[in-house]
Every structure is written in structure tokens, then in C-alpha cells.
């Protein structure tokens, strides 16, 4: 059984026992989190709406992603800028899907 949840403006496919990296969530490492915005539930061959379903998990870690380089350039104008960005994330271990 797996579910599709929505958090941080993005959708993630999760199953019990997996860990996912989502946008930063408030809370300490080891705190329980609950995702109640479940879009869909998949159980074998059947597909159900996620209304009333909850995905439970624990915060495993907070961290920062890989650096992304942004390079701005305008030809013939001697304009060049290099900017780096690292996105914050929270790693969540999914413990169970309650339908």
C-alpha cells in the first residue's frame, strides 16, 4: 500500500518504512509528524480517494541540499553574476498509512 501526500506545495509518493525529503518542517529530530493532506491511496489494484486518510511519520533529520549554481550573463555588456543556492529540507521516516 502506498499513498500520495501533499506538503510544501509538492506531492510525494510514500509507503510505510520509506524515508522522504520534504520542504522544511517545524519540530525537533525524533518528533512525530502527521500528513493529513492525502491525495490518493493505492492498495494493490484499487485506487481510492485520500479523504480521511492520514500518513504518520517521525522527523529523522534536518539538512541542506546540494548547491545549485545560478549564472547570469548579458552579452556585449560585461555583465556576469554567479549566485549559489542550497535548499533546506527535512528527512521524514514514514511509519504508517492510516486509511
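Structure data summary
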{"item": "Of (1) 35.6, 116; (2) 18.4, 60; (3) 12.8, 39, the label for Rg and Dmax of the Cα atoms in Å derived from the coordinates", "result": "(2)"}
{"item": "Full-extension gain in nm, residue 40 to residue 58, via 0.36 nm per residue minus C-alpha separation", "result": "4.4 nm"}
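Quick note: the coordinates plus some simple rules give every number you see, no bench work behind them. As the structure is a prediction and not an experimental result, all values here were calculated from the model.
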